[in-house]
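A short write-up of the structure that comes next.
Bear in mind that the values in this text are calculations on the coordinates, not laboratory data. Keep in mind it's a predicted model, so treat the numbers as computed, not measured. All Cβ positions, glycine included, derive from the backbone under ideal geometry; neighbour counts span all protein chains shown.
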Amino acid sequence: MTDLPKLPTLQDVADRLDMIFPASFPDRSILTGDMAARVVFVALYGGFIDGSGRHFRPSTVIRFSLEQAAKTTTTERLNWLAVCQAAGYKPSGQWYADNTREPLRDDLIRNRAIPIGIIKKREGMAPTSPAPIYSLAPSFARLFDPELVGDALTQAVENWQQTKLDPQTLQRMRLLAYGVLAKQGEVEVKIPNPAKLIRLAPGEASVITRDVCEQLFPRLMSEPVVVHLSISDQKICPDLEGVGSRLGLDLSQFSELPDVMAIDIGEDRWRLVFVEVVHSDGPVTELRRQALMKIAAELGFPEEQVTMITAFEDRKSAALKKRLSEIAWGTSVWLRSEPDRIINFGTCS
């Protein structure tokens with residue numbers, strides 16, 4: 001077996017998890033919480049690193065304690081290793097109840113840590129096996145070396161993210177981080193057609209609106225023309241006045257237009273796209289779908305040439321969780337953080 005790795009403090013582990021999985025990391029809470037910090041700390045404490053020959057089980061973490069965490073000499077760690085997984089071992093002051101092992105094993109280890117690659121499972125072993133089967137990935141363990149600090153730590157974390165995270169996660173992180181920056185100041189929206197630069201007030205709704213125009217429409221339509229865009233204090237965007245009328249559409253007659261409207265003029269039969277941008281409220285509900293369909297009909301678009309989309313920030317956003325049950329059938333959901341995907345609320349047939 002290899003030597004034990006240098007041991008950071010439990011607080012240092014928690015701080016580095018926050019750095020490795022920043023605010024822009026999707027669904028990060030379970031990877032940065034107390035349980036995750038304790039799993040990593042115990043893995044480092046006992047040297048449960050892939051390739052070392054040592055493995056831990058959920059109960060190894062469950063039956064650890066703050067008292068044991070304070071015993072940091074090599075002799076104390078080796079003494080603990082000699083007994084921690086023996087039958088009947090149950091220390092005083094363990095920091096979790098025994099019935100906590102299933103959430104730790106299933107929610108944290110199996111469903112999050114293993115898919116990301118930060119914990120390894122012994123091949124050929126069932127997840128419910130009573131044998132020790134888990135170990136920390138060496139590349140991940142190195143990020144917790146107490147001697148790795150400052151710029152060297154920052155660079156090591158960035159290198160790990162770039163080499164170990166899948167491209168979709170990295171893209172999602174970049175887009176979420178970009179949104180955080182844009183919320184702090186005026187948001188510029190590049191309208192693809194007609195080519196215009198429109199400035200919106202700071203805020204998450206403006207960030208989502210920007211990416212509806214810049215990311216969604218070019219993916220969804222062959223030749224999109226944005227004919228309407230709501231801005232904070234005005235229902236009609238002055239920069240787009242006259243665009244609809246040049247296409248033969250009179251939008252001035254409607255008082256309940258959606259947040260964004262575009263037309264795909266690249267097909268023989270034009271397609272009308274309604275988008276509702278949701279930061280806290282306002283998805284395409286069934287009542288809203290009916291109202292928008294009435295607008296489409298009055299503009300001369302039959303139902304088969306109409307697309308309705310509700311745009312959210314991310315899968316983890318509170319707005320999506322709150323409004324998901326209200327989304328109308330026959331419409332779609334688009335997420336700013338995953339621009340290549342769309343969720344269709346359609347039928348099985």
| request: Starting from the stretch 277-346, pick out the chymotrypsin sites (Phe, Trp or Tyr not before Pro) whose DSSP state is loop and whose Cβ has at most 16 other Cβ atoms within 10 Å. | output: W329, F345
| query | Using modelled backbone amide H atoms (1.01 Å from N, in-plane), which distant-in-sequence or interchain residues come within less than 5 Å of V277's amide H? | reply | D259, V260, A311
| task | May I ask you to list the trypsin sites (Lys or Arg not before Pro) in the stretch 71-172 that are in a DSSP loop and have at most 13 other Cβ atoms within 10 Å of their Cβ? | result | K71, R122
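Evaluated at 4 °C with a viscosity of 1.567 mPa s, what Stokes-Einstein diffusion coefficient in µm²/s does the stretch 10-164 have when Rh comes from the Kirkwood expression over alpha-carbon pairs?
Working: Rh = 16.0 Å.
The calculation lands on 81 µm²/s.
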| request: Grab the Cα-Cα distance for T73 and D268, subtract it from 0.36 nm times how many residues apart they are, and report the gain in nm with one decimal. | output: 62.6 nm
| task | Rounded to the nearest 0.05, what FRET efficiency do D18 and Q215 give with R0 = 25 Å and r taken as the Cβ-Cβ distance? Could you check? | result | 0.30
| For Y89, Y134, Y96, order by how many other beta-carbon atoms lie within 10 Å, fewest first | Y89, Y96, Y134
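Mean residue ellipticity at 222 nm from the helices of the chain, using -39,500 (n - 2.57) per DSSP H segment of n ≥ 4 over the full residue count, to the nearest 500 deg cm²/dmol? Walk me through the numbers before you get to the answer.
Numbers: 14 runs with 116 residues, N = 349.
It comes out at -9000 deg cm²/dmol, rounded to the nearest 500.
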| message | Quick check: pseudo-label points 7 Å beyond the Cα along Cα→Cβ at A131 and A297, how many nm apart are they? | response | 6.7
| query | Which value, in debye to the nearest 20, describes the size of the charge dipole of the stretch 10-164 about its Cα centre when Lys and Arg Cβ atoms bear +1, Asp and Glu Cβ atoms bear -1, and nothing else is charged? | reply | 580
| task | Could you line up E241, E304 from fewest to most neighbouring Cβ atoms inside 10 Å? | result | E304, E241
| field | Residue-span extension gain [E123 to D34] - 0.36 nm each, minus C-alpha spacing | value | 29.3 nm
| remark: Using the Kirkwood formula on alpha carbons, the hydrodynamic radius of the chain in angstrom works out to 23.5
| message | Below 24 Å, Cα to Cα, which lysines can K196 reach? Residues fewer than 8 away in the same chain don't count. | response | K183, K235
| Greater than 22 Å apart at Cα, pairs in K6/K71; K190/K321; K121/K316 | K190/K321; K121/K316
| remark: The helix 167-182 Cα axis meets the longest alpha-carbon principal axis of the chain at an angle in degrees, between 0 and 90 and rounded to 10, of 70
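Pull up the DSSP beta bridges for the chain and report the antiparallel fraction as a percent, rounded to 5.
Numbers: 23 of 34 bridges.
DSSP beta bridges in the chain are roughly 70 percent antiparallel.
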